[in-house]
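Let me give you the structure first, and then I'll get to my questions.
The values are calculated or read from the model by the stated rules, or taken from the named source; none is laboratory data. The shown structure was predicted, so the numbers you read here are calculated from the model rather than taken from an experiment. FYI the Cβ positions are ideal-geometry reconstructions off the backbone, even for glycines, and counts take in every protein chain you see.
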Amino acid sequence: MTESDKLFAGSIPRLYDTLMVPLIFEAYAADTAELVAAFSPSAVLETAAGSGVVTRALAPRLGMGTRYVVTDLNQPMLDYAATRQGSSKIDIEWRQADALRLPFEDASFDVVFCQFGAMFFPDRTAGYAEARRVLRPGGRFVFTVWDRIEDNAFADEVTGAVAEIFPQDPPRFLARTPHGYHDVALIRSDVSRAGFTSIEIETREKTSRSPSARDVATAYCQGTPLRNEIEARDAGALQAATDRAAQVIASRHGEGPVAGKIQAHVIVAAR
Ligand SMILES: C[S@@+](CC[C@H](N)C(=O)[O-])C[C@H]1O[C@@H](n2cnc3c(N)ncnc32)[C@H](O)[C@@H]1O
């Protein structure tokens, strides 16, 4: 992972939330919120919350008096999330925090969860151990990661299309980071090494839908850190890369509304 892989700032928070979230994150957010709410926690910590898609789904499902702390490494993502959060019966504590160095006491939460953030942790086992540290005995750590890029159609196609623009040095952000941590045996071993005992892993396939190939291309090329990687090679090439990705997706999925397979692992571990 490079430093720019974890930089969600500038125009990324808005484009991420308006284009990426409905495309691939919203459907899993509904599942994550349901899973977490089913534990009826009295204190919940969300890490790598991004633009708050799970926060919006979960807050209305938590009981009155629940403590809900929402964190992310990048303050611009949290700022954006806060503007999108409607009123809810519980107060949300927004706080910038690195999931590997949580500013909370030991045994403070019943559930810690992280949707599609663990792939960005420089040391996953250290991140999981940190989640375990702030969990009460019997608490749950819930997290999701994407499966391999070949099982996530649009991400794979965008990566191939952008490689045509930079054949000598193809930007590999999507394959390297969001889709770079999918081996179930490795995930189980990392979670176990962090001290968790009961570990359940389920692989879930869903369908990603968008009104157009253009929206998909803009989402991936401009609303994720792939943008940082393209601009680092040639700031003027962002539009050409987006155009090529839109052409490739339209050629495979048609003009007009498009749909593609997405797949992720859902992990629940008990402390
Ligand atoms: C793909 S987004 C997922 C956001 C959100 N959970 C969702 O499902 O839409 C990844 C998020 O991880 C955050 N992130 C990256 N490294 C992190 C770290 N070490 N600690 C906390 N958050 C981190 C990024 O700022 C970004 O918001």
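Please count how many residues of segment 50-80 are within 11 Å of the ligand (Cβ to nearest atom), in a loop (DSSP other than H, G, I, E, B) and free of Cβ contacts under 8 Å to residues at least 40 places away in the same chain.
Total meeting the criteria: 2.
Take segment 15-33 and flag every residue that is more than 9 Å from the ligand (Cβ to nearest atom) and either touching a residue at least 40 places away in the same chain (Cβ under 8 Å) or of a type outside the set (A, V, I, L, M, F, W, C) (or both).
Across segment 15-33, the qualifying residues are L15, T18, L19, P22, L23, A27, D31.
If we scan segment 189-200, do we find a residue that is assigned to a strand (DSSP E or B) and surrounded by fewer than 21 Cβ atoms within 10 Å (Cβ to Cβ)?
yes
Listed here are the residues, each with its yes/no results for (1) aromatic (F, W, Y); (2) more than 15 Å from the ligand (Cβ to nearest atom); (3) loosely packed, with under 15 Cβ neighbours inside 10 Å.
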| residue | (1), (2), (3) |
| --- | --- |
| A82 | no, no, yes |
| G117 | no, no, no |
| A129 | no, no, no |
| N152 | no, no, no |
| A161 | no, yes, no |
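Would you mind telling me which numbered condition in (1) touching a Cys at 6+ places or on another chain (Cβ under 8 Å); (2) more than 29 Å from I262 (Cα to Cα) P103 fails?
(1)
Here is a follow-up. Could you figure out which of (1) modelled with pLDDT under 95; (2) under 23 Å from Y80 (Cβ atoms) isn't true of V216?
Single failed check for V216: (1).
Restricting attention to segment 60-74, does a residue exist that is within 19 Å of I12 (Cβ to Cβ), modelled with pLDDT under 95 and within 16 Å of the chain's Cα centre (by Cα)?
yes
Still on this structure: Go through (1) of a type in the set (K, R); (2) outside any helix (DSSP H, G or I); (3) surrounded by fewer than 22 Cβ atoms within 10 Å (Cβ to Cβ) for R133 and report which single condition fails.
R133 satisfies all of (1) of a type in the set (K, R); (2) outside any helix (DSSP H, G or I); (3) surrounded by fewer than 22 Cβ atoms within 10 Å (Cβ to Cβ) except (2).
So which residues in segment 32-46 are touching a strand residue (DSSP E or B) at 6+ places or on another chain (Cβ under 7 Å) and surrounded by fewer than 22 Cβ atoms within 10 Å (Cβ to Cβ)?
If the condition is that a residue be touching a strand residue (DSSP E or B) at 6+ places or on another chain (Cβ under 7 Å) and surrounded by fewer than 22 Cβ atoms within 10 Å (Cβ to Cβ), then L35, F39, S42, A43 are the ones that fit.
Something else about it: Of the numbered conditions (1) modelled with pLDDT under 95; (2) under 30 Å from R136 (Cα atoms), P225 fails exactly one; give the number of that condition.
Of (1) modelled with pLDDT under 95; (2) under 30 Å from R136 (Cα atoms), only one is false for P225: (2).
Please enumerate the residues belonging to segment 113-130 that are outside any helix (DSSP H, G or I) and touching a helix residue (DSSP H, G or I) at 6+ places or on another chain (Cβ under 8 Å).
Those that are outside any helix (DSSP H, G or I) and touching a helix residue (DSSP H, G or I) at 6+ places or on another chain (Cβ under 8 Å): F113, C114, Q115, F116, F121.
Further question on the same structure: Would you please name the residue that is nearest to D17 (Cα to Cα), looking only at residues in segment 84-103 that are out of contact with any Asp or Glu (no Cβ under 6 Å at 6 or more places or on another chain) and within 10 Å of the ligand (Cβ to nearest atom)?
For segment 84-103, the residue satisfying everything is Q96.
State which residue is modelled with the highest pLDDT when the search covers only segment 11-46 and only residues that are within 30 Å of A217 (Cα to Cα) and not in a helix (DSSP H, G or I).
Restricting to residues being within 30 Å of A217 (Cα to Cα) and not in a helix (DSSP H, G or I), the top hit is E46.
A follow-up question, please. Being touching a Leu at 6+ places or on another chain (Cβ under 8 Å), surrounded by 21 or more Cβ atoms within 10 Å (Cβ to Cβ) and modelled with pLDDT of 95 or more: is that true of A49 here?
Taking the combined requirement at face value, the residue satisfies it.
May I pose another question? Can D106 be described as away from the ligand (no atom under 15 Å from the Cβ), touching a residue at least 40 places away in the same chain (Cβ under 8 Å), charged (D, E, K, R) and farther than 17 Å from P13 by Cα?
Answer is no for this residue.
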